[in-house]
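Only one structure is covered here, and it is reproduced in the block below.
The values are calculated or read from the model by the stated rules, or taken from the named source; none is laboratory data. Everything numeric here is computed off the predicted structure, so don't read it as measured data. Here the Cβ positions follow ideal geometry from the backbone for every residue, glycine too, while neighbour counts run over all protein chains shown.
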Amino acid sequence: MAPTTIVWILAAAFLLPVLWFLLSSFKPGSELFTWPLRPLPQDWTLAGFRTAWERYDFQQYFVNTAVVAVVSTVFTVFVSACTGFALAKYRSRWVQAFFLCLLATTMLPTEVIMPSTFSVILGLGLYNSLAGIIIPSIITATGIFMFRQFFTTVPDELLEAARIDGAGEFRIFFRLMLPIARPIIAVLAIFSFQWRWNDYIWPLLVLNDPKKYTLQLALRSIVGAENIDWSVLLGASVISLLPMVLLFLVFRRQIMNSDINSGLKD
């Protein structure tokens, strides 16, 4: 069997459940579990989408999730760039020790540090607030490592020349280092936005006010204790995926060409 044929078979195997999920979102509830199963809806309907949007105040959930994702992404990129620059260009054994400690955190599951992080959020009075979701997510070892590895490729002679011309460290960072790091900024921004948009566990711990729920928590609230309105749940799930699909379509070149996310976590 030709390698191309195998690739097409695997692609179809992955695409079929996604396509079935999308088509099912346009089915009324009475068609979802009829036998024999039919991939195409007999009666196309948008009732699930309308009910999800109107009954569960998805407009507010979108705003909450967008605020968390955008603000977290901006601060994550900035803090990661600053830290990566310092780790790459300042020579000190303490700096290197800090870098090793930072890398060591990637070996710990996220759930291990959640109790201590939650205690800090409680102590700062940020419980049940969007800030309580944003602040712990700003510092990521992945982003710092990405910038540090990129900045190490910049010749030290370039920085020395800028210092001789009278440029300070802040000017070197903002006028020299950040512009040449635009590819890394774009890649980290994409991944950071994706992480925060899809985050579920941490918002579940921090938020208890339904008006402050993010989309992932809103989807969970649709699932009842004894019954599930599947048409509404499918419609809401498709709505929540639209920004991610748009993000992929706009930045697919950066996403497809970057493998720096392999083996790392947020």
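In table form, for the structure just shown:
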| quantity | calculated |
| --- | --- |
| Residue tally, condition over 19 Å from Ala236 (Cα atoms), more than 26 Å from the chain's Cα centre (by Cα) and not polar (S, T, N, Q), over region 45-94 | 5 |
| Restricting region 221-232 to residues that are of a type outside the set (S, T, N, Q) and under 16 Å from Gln59 (Cα atoms), the residue that is modelled with the highest pLDDT | Val232 |
| Of residues in region 111-169 being assigned to a helix (DSSP H, G or I) and among the aromatic types (Phe, Trp, Tyr), the one surrounded by the fewest Cβ atoms within 10 Å (Cβ to Cβ) | Phe118 |
| Residue within region 106-120 that is among the aromatic types (Phe, Trp, Tyr) and within 30 Å of Arg171 (Cβ to Cβ) present | no |
| Residue selected from region 177-202 under the condition in contact with a helix residue (DSSP H, G or I) (Cβ under 6 Å, 6 or more places away or on another chain) and surrounded by fewer than 18 Cβ atoms within 10 Å (Cβ to Cβ), by the criterion nearest to Ala81 (Cα to Cα) | Ala186 |
| Only one of Ile172, Ile135, Ile190, Ile164 that is at pLDDT 90 or above and in the same structural domain as Val68 (by TED's automatic domain parsing) | Ile135 |
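Quick grid of which residues meet (1) modelled with pLDDT of 85 or more; (2) over 30 Å from Ser30 (Cα atoms):
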position: Leu176; (1), (2): yes, yes
position: Gln216; (1), (2): yes, no
position: Ser237; (1), (2): no, no
position: Asn257; (1), (2): no, yes
position: Asp266; (1), (2): no, yes
